[in-house]
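Have a look at the structure below before the remarks.
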Amino acid sequence: MSIISKGIEKIRSNKRILFIGYVLLGIALVSLPFLLSNTVGRTWVRILDFALIYAMLALGLNIVVGFAGLLDLGYIAFYAVGAYAWALLASPQFGLHLPFWAILPIGAGVAAIFGILLGAPTLRLRGDYLAIVTLGFGEIIRIFLNNLDHPVNVTNGPIGINKIDPIVIAGADLTRTHEILGIQFSGAHIYYYVLVLLLMITVLICVRLENSRLGRAWIAVREDELAAQAMGINTRNVKLLAFALGATFGGVAGGLFASLQGFVSPESFVLLESIMVLCMVVLGGMGHIFGVLLGALLLTTLPEILRSTASPIQESLFGAVYIDPEALRMLLFGLALILVMLVRPTGLWPGTTRKQLGNKG
Amino acid sequence: MKLLELKSVGKKFGGVQALSDVNLTVQLGEIYGLIGPNGAGKTTLFNLLTGVYSPDIGEINFDRASLVGLKPHQVASKGIARTFQNIRLFQEMSVLENVMVGCHARTKVGALGAVLKTRASKDEEANIYRQSMAWLAYVGIESEASSLSKNLSYGDQRRLEVARALATQPKLLALDEPAAGMNATETEELKALIKKIRADGVSVLLIEHDVKLIMSLCDRLAVLDYGEKIAEGEPDAVRGDPAVIKAYLGGNLP
């Protein structure tokens with residue numbers, strides 16, 4: 001064992017250092033939006049919001065791909081289901097305006113049902129074949145949403161649904177600016193806190209699931225399905241549960257996206273989005289919760305940093321913008337993926353070779 | 001008392017009759033051996049028994065209930081645990097976690113209990129941990145508990161498979177060529193382990209190529225050849241059976 005891992009073990013076992021660490025992390029999370037809006041601008045708080053939503057998505061996908069080993073290329077469909085569930089239940093579209101605490105569980109539940117709908121017919125498929133079917137499923141959902149404006153108009157088709165209600169708590173619209181104790185909080189800023197809270201809950205749930213009987217069953221199915229069955233694991237139920245739980249997080253993330261954005265349309269849920277979320281999982285470290293978080297935060301913030309810096313840098317160096325930042329983004333993204341796969345094939349931050357002896361339940 | 005009973009079991013794969021009209025019984029507390037040349041149908045019989053395949057005809061009764069049509073995980077919870085001919089461990093899991101997975105069949109906390117960390121789930125998890133460590137100690141690899149299972153030596157991987165199977169608390173432990181690839185010392189240790197398992201009340205069904213091991217370990221054994229049982233009985237009787245000698249040596253000894 002190296003000195004570093006011994007050091008980490010020491011810190012982990014010391015309750016006081018751990019407590020101080022949590023307090024510092026808390027302070028950092030609370031003050032981050034203030035820091036960003038005062039230095040690089042307010043838009044960054046909004047970018048952070050989207051990073052958090054993607055982190056939640058990536059954690060959900062990690063249950064399916066990372067834990068249970070089921071390659072899902074249509075994951076964004078559950079995000080779409082959650083977003084449209086919110087949009088239909090809280091917008092002028094049908095004149096429904098349910099409160100957020102009712103829609104959030106409904107959206108999660110509907111997404112979970114879609115998870116099972118996808119899971120049930122694909123139980124016997126593995127690897128490439130599963131990937132193809134899930135890819136098709138993702139596209140089916142998107143095309144449905146795109147065409148569900150006739151014969152009965154449900155989704156407004158490609159136009160999308162507008163004027164979606166935000167989260168309202170005690171009469172306060174969370175997407176507007178509020179003044180609390182003399183400090184101005186923008187809508188994005190308030191949403192940031194809501195999202196951080198929900199993401200923390202998501203992480204907690206994922207960690208507990210991973211270290212449970214069910215989490216071990218998922219990993220066993222991933223490692224060797226036949227041996228898992230021989231250990232008494234009902235692989236059908238365990239896989240369906242992975243699909244359903246993964247979809248639930250997707251549904252919640254979708255609802256939050258719809259309420260933050262105030263607008264949804266099918267073009268937010270294209271195949272590339274599924275692949276991006278998958279990249280977050282793979283790049284960060286498949287199956288490792290904090291690696292996946294890192295992957296999600298990196299892949300959402302780095303392109304934005306590039307977008308705001310690529311043009312000025314080119315201008316100061318060459319006097320003109322030669323490469324469009326958008327094109328550069330895809331170029332660098334592809335390069336980064338290839339590099340990571342060559343140098344760190346298990347991801348940027350893979351799990352510390354699974355759990356050590358310390359886990360006593 | 002009969003623990004396991006196969007009645008005229010047959011299985012066909014396309015045109016190949018892998019097993020035909022096989023009858024055998026394993027008594028409670030017995031070490032029962034199954035030998036036969038390559039392709040005789042030993043592993044097919046194993047797979048029928050553990051629910052991987054389902055027999056075309058015949059009955060399989062275990063502990064007074066039929067196993068026909070049950071899925072592998074149901075067979076496991078009925079009390080048959082198995083190991084595999086080519087070791088099938090959960091490679092990216094630690095040695096301890098492999099055994100903890102083995103406890104799955106006898107535990108029941110679900111997603112909600114795990115997320116809420118209820119009292120019951122904490123107790124169960126602590127229990128799983130304790131039991132798994134005990135099983136590792138039972139087969140003698142507790143010092144490796146936190147290693148990745150793929151990093152174990154070959155003999156220890158075999159032991160881990162046995163520990164994982166025992167964690168399902170079986171009545172019958174089915175071992176598919178456990179001594180394959182082992183050296184003489186490891187085989188001796190395996191023999192001692194199997195005897196200990198039987199002494200602790202678990203019946204053992206053993207497929208082996210190592211005739212010496214089978215003869216010295218089993219109470220009774222059956223010989224399969226081309227999918228048919230050609231002999232059954234105590235080791236000494238089977239050893240001298242002309243049909244067995246023919247199957248193994250291709251003719252009668254002079």
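Annotations for the structure displayed:
- Build a GNM of chain A with springs between Cα atoms under 10 Å apart, and of A:Ser186, A:Ser259, A:Ser31 the one that fluctuates most is A:Ser31.
- Across region B:93-164, the mean sequence separation of Cα contacts (distance under 8 Å, 6 or more residues apart), normalised by length, yields a relative contact order of 49 percent.
- Value in Å of the Kirkwood radius, where the protein assembly as shown supplies the Cα pairs that are averaged: 27.5
- Folded to 0 to 90 degrees: helix B:119-139 orientation relative to chain B principal axis, Cα: 40
- Cross-link partners of B:Lys117 among aspartates and glutamates, defined as those whose alpha carbon lies under 16 angstrom from its own and excluding same-chain residues fewer than eight positions apart: A:Glu210, B:Glu125.
- Principal axis extents of the Cα atoms in region B:129-254, from largest to smallest and rounded to whole angstrom, are 56, 27, 24.
- For chain A, projected area of the alpha-carbon convex hull averaged over all directions, nm²: 22.2
- Region A:104-186, Rg to Rh (Cα coordinates; Rh as Kirkwood inverse mean 1/r): 1.17
- For a straight C-alpha distance cut-off of 15 angstrom, the aspartates and glutamates reachable from B:Lys7 (same-chain residues fewer than eight places away being disregarded) are B:Asp21, B:Asp56, B:Glu59, B:Asp63, B:Glu228, B:Glu232.
- Compactness of chain B was expressed as the Cα radius of gyration divided by 2.2 N^0.38 Å, which yields 1.06.
- Taking amide H as placed 1.01 Å from N in the peptide plane, the amide H of B:Gln91 sits under 5 Å from none that are at least 5 places away or on another chain.
- Helix B:154-166 and the longest principal axis of the Cα set of chain B meet at an angle near 80°.
- For the segment A:213-221, counting C-beta atoms of other chains within 10 Å of every residue's C-beta and taking the mean gives 6.
- Residues whose amide H falls under 5 Å from that of B:Asp225, counting only those 5 or more places apart or on a different chain, are B:Ile230, with hydrogens built in the peptide plane.
- Per residue, the average separation of C-alpha pairs within less than 8 Å and at least 6 apart gives chain B a relative contact order of 27 percent.
- With N counted as the residues of region A:202-354, its alpha-carbon radius of gyration over 2.2 N^0.38 Å works out to 1.30.
- Exceedance of the 31 Å cut-off in Cα-Cα distance is limited, within the set B:Lys42/B:Lys195; B:Lys2/B:Lys150; B:Lys11/B:Lys246, to B:Lys2/B:Lys150.
- Peptide B:121-129 - average C-beta neighbours from other chains (10 Å radius): 3
- Taking every full run of DSSP H in chain A, the ones that stretch at least 18 Å from end to end by Cα along their long axis and average 1.6 or higher on the Kyte-Doolittle scale are A:43-61, A:76-89, A:100-119, A:187-210, A:271-284, A:325-343.
- Normalised convex hull volume, region B:34-147, alpha-carbon set, Å³ per residue: 157
Every number here is computed from the coordinates shown, using simple stated rules; none is lab data. Here the structure is a predicted model, which is why all the values come from computation and not from measurement. So basically every Cβ, Gly included, is an ideal-geometry build from the backbone, and we count neighbours across all protein chains shown.
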